[in-house]
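Working notes for the structure below.
Readers should treat all values here as calculations from the given coordinates under stated rules, not as data from a laboratory. Since we're looking at a predicted model, the values are computed, not measured. Here Cβ is always computed from backbone atoms with ideal geometry, including for glycine, and neighbour counts include all displayed protein chains.
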Amino acid sequence: MSWDASYKLSWSDFKAKPNTNSSAVAITASGIIFGFSIKQTDKNKVVSFTTDVYAHFYPEQSWYKMKRANNHILQHEQLHFDITELYARKFRYRISQLNISNSIKRQLKNIHNNINTELSQMQKKYDNETDYSRNFEPQAKWKTFINDELSTYSKYELN
């Protein structure tokens with residue numbers, strides 16, 4: 001499902017079977033879907049391009065342990081999805097800075113790779129600093145930080 005500012009995740013969105021060997025209470029599977037189309041002249045000169053960038057949540061790969069789950073953990077998982085949306089917006093911003101050229105395909109792929117690396121690093125930093133939601137003060141700071149960043153990039157939200 002695509003990220004939507006008016007929709008917050010609920011435990012019913014987490015459809016995968018919990019990993020009983022994991023110490024995690026919940027896992028959010030999310031990522032960025034990216035596609036593009038390039039229009040060229042008959043001499044292979046690029047004249048335009050379009051892109052699609054979406055932050056997605058994957059219910060069939062996301063899970064939680066019912067007996068240990070609570071609203072605080074759900075909010076932690078929501079923020080993982082929000083971080084994915086933030087990087088989708090950053091991706092759209094970087095695309096908006098590109099000029100049409102014959103190297104556009106390579107540029108788009110480079111931005112895609114860089115965004116995915118940055119997204120992964122941010123998700124790990126978030127979990128490390130919040131100790132996977134157990135540190136309440138850093139959790140609150142992250143919520144404020146991500147909401148502020150989403151506002152900063154609000155021009156790049158899909159409507």
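Starting from a Cα-only point model with no solvent, please compute log10 I(q)/I(0) by Debye for the chain at q = 0.10 1/Å. Results for the chain at q = 0.10 Å⁻¹ read -0.42. Once both labels are positioned 7 Å from their Cα atoms along Cα-to-Cβ, the gap between Ser101 and Asn21 label points is 4.8 nm. For the chain, the longest principal axis of the Cα atoms and the long axis of helix 104-130 meet at an angle of about 20 degrees.
Residues whose amide H comes within less than 5 Å of that of Ser62, counting only those at least five positions distant or on another chain, are Lys15, Ala16, Ala29 (H built at 1.01 Å from N in the peptide plane).
Using just the Cα positions, wrap segment 1-70 in a convex hull and report its mean projected area in square nanometres, one decimal place.
Taking a quarter of the hull surface, the average projection is 7.2 nm².
Relative to the longest principal axis of the Cα atoms of the chain, the long axis of helix 136-152 makes an angle of roughly 20 degrees.
Residue-wise HN-Hα couplings along segment 63-72, as the Karplus relation 6.51 cos²θ - 1.76 cosθ + 1.60 with θ = phi - 60° gives them from phi, are 8, 8, 9, 3, 6, 10, 6, 8, 5, 4 Hz; Gly and Pro carry x.
If you add up the charges near Val53, with Lys and Arg at +1 and Asp and Glu at -1, over every other residue whose beta carbon is less than 12 angstrom from its beta carbon, what do you get?
Values: positive: Arg89, Lys90, Arg92, Arg94; negative: Asp52, Glu85, Glu157.
Net of charged neighbours comes to +1.
What value, in deg cm²/dmol to 500, does the helix sum -39500 (n - 2.57) over DSSP H runs of n ≥ 4 give at 222 nm once divided by the residues of the chain?
On the way: 3 runs with 70 residues, N = 159.
My calculation for the chain gives -15500 deg cm²/dmol from helical runs alone.
Please quote Rg/Rh for segment 66-159 to two decimal places, taking the Kirkwood radius as Rh and restricting both calculations to Cα atoms.
On the way: Rg = 15.8 Å, Rh = 14.7 Å.
The Rg/Rh ratio comes out at 1.08.
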